[in-house]
Amino acid sequence: MTFLHFLNCAALTYGPAFLLYKCSKLQEQKATSIVFYSALAYAVTQLAKLVIAATILPSSSSSDTSSFSIIHEFFRIILNYGDIMGVAYVLNEVKASPDTKLLSVGLGWGAAEAFFLNIAPLWIGARGMEFEWKSVQSAIEANITYLLYFGFVLAVFLFKRKVNINAEEQLKQQYQSQQNIATIALFCYCALPSLLSFLRFTLQATEWIVLAIYLAASVG
């Protein structure tokens with residue numbers, strides 16, 4: 001029964017990404033390499049962030065993850081800008097149509113996070129002797145994260161897109177408006193983990209409420 005629960009949670013966590021990959025025909029467009037390249041870029045980016053955080057943050061702030069620290073969250077917001085740099089680098093390096101590029105990078109980035117952050121807790125938690133909602137909530141959070149990263153990659157793409165200097169003034173204004181919206185969206189992305197930590201540790205919100213707010217922010 002516990003192993004079956006693990007399989008159900010694993011399917012809920014990774015199944016949607018696999019179905020999206022198959023149904024969107026990314027495999028037919030030879031975008032598999034882009035997905036894996038994005039996943040590798042995610043791993044390198046997170047490793048760099050961990051090294052920087054361990055170097056800069058005070059030891060008490062970096063080791064305590066069960067409380068809300070303003071200093072810790074401030075540096076966390078700054079470090080999250082590393083994700084922007086990582087995604088921007090991948091978008092510059094890969095060669096594909098804009099739609100394929102955005103979907104592949106978002107899928108690879110989200111799948112990598114789901115694997116690195118969820119596989120161990122799922123294996124340990126979902127195979128416990130008693131049923132816990134924590135594993136189901138973790139799987140749901142992973143699916144919300146996919147939505148978040150698709151929007152995040154699009155925001156990075158719009159932010160870095162350059163308009164031809166010979167383009168019409170109306171087109172320039174449209175691009176500028178999109179870049180302004182993308183700038184706000186990227187700041188919200190960087191601050192979102194700190195908001196969720198504030199809800200969990202300071203307001204003591206339930207995990208279902210946190211997931212609802214996380215979903216609303218990701219879709220918005």
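The values are calculated or read from the model by the stated rules, or taken from the named source; none is laboratory data. Given the structure is predicted, the values throughout are model-derived calculations rather than measurements. Because the Cβ atoms are built from the backbone with ideal geometry, glycine has one as well, and the counts that use them run over all protein chains shown. When the accessible area is computed, the model is the full protein with side chains, heavy atoms only, and any ligands, DNA or RNA have been set aside. Shrake-Rupley method; radii C 1.70, N 1.55, O 1.52, S 1.80 Å.
Details
- Qualifying residues in the range 9-23 (those that are free of Cβ contacts under 8 Å to residues at least 40 places away in the same chain and of a type outside the set (Lys, Arg)) - the one most open to solvent (accessible area, probe 1.4 Å): Phe18
Residues checked against (1) in contact with a strand residue (DSSP E or B) (Cβ under 8 Å, 6 or more places away or on another chain); (2) modelled with pLDDT under 95; (3) under 16 Å from Phe159 (Cα atoms):
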{"site": "Asp83", "(1), (2), (3)": "no, no, yes"}
{"site": "Val87", "(1), (2), (3)": "no, no, yes"}
{"site": "Lys95", "(1), (2), (3)": "no, yes, no"}
{"site": "Pro98", "(1), (2), (3)": "no, yes, yes"}
{"site": "Phe116", "(1), (2), (3)": "no, yes, no"}
{"site": "Ile119", "(1), (2), (3)": "no, yes, no"}
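- Residue satisfying condition, being under 22 Å from Leu102 (Cβ atoms), among the small types (Gly, Ala, Ser), in contact with a helix residue (DSSP H, G or I) (Cβ under 9 Å, 6 or more places away or on another chain) and surrounded by 13 or more Cβ atoms within 10 Å (Cβ to Cβ), within set Ala185, Ala139: Ala185
- Of all the residues in the range 23-62, those that are under 23 Å from Gly108 (Cα atoms) and modelled with pLDDT under 90 number 10.
- Ser97, sole failed condition from (1) among the small types (Gly, Ala, Ser); (2) touching a Gly at 6+ places or on another chain (Cβ under 6 Å); (3) surrounded by fewer than 17 Cβ atoms within 10 Å (Cβ to Cβ): (2)
- Residues considered: Leu26, Leu107. Of these, the only one that is touching a residue at least 12 places away in the same chain (Cβ under 8 Å), under 18 Å from Tyr149 (Cβ atoms) and part of a helix (DSSP H, G or I) is Leu107.
- Pairs with Cβ under 6 Å, 6+ apart, first in the range 77-89 and surrounded by 14 or more Cβ atoms within 10 Å (Cβ to Cβ) and part of a helix (DSSP H, G or I), second modelled with pLDDT of 95 or more and of a type in the set (Val, Ile, Thr): Gly82/Thr45; Ile84/Val156; Gly86/Thr45; Val87/Val153; Val87/Val156; Ala88/Val156
- Scanning the range 30-56 for residues that are closer than 30 Å to Ile71 by Cα and of a type in the set (Val, Ile, Thr) gives Val44, Thr45, Val51, Ile52, Thr55, Ile56.
- Yes/no for Phe68 being surrounded by 15 or more Cβ atoms within 10 Å (Cβ to Cβ), modelled with pLDDT under 95 and of a type in the set (A, V, I, L, M, F, W, C): yes
Matching residues to (1) in contact (Cβ under 8 Å) with a residue 24 or more places away in the chain; (2) open to solvent by less than 30 Å² (accessible area, probe 1.4 Å):
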position	(1), (2)
Thr145	yes, yes
Val153	yes, yes
Gln179	no, no
Ala205	no, yes
Leu215	yes, no
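- The residue that is modelled with the highest pLDDT, counting only those in the range 128-175 that are within 30 Å of Leu4 (Cβ to Cβ) and in a loop (DSSP other than H, G, I, E, B), is Glu132.
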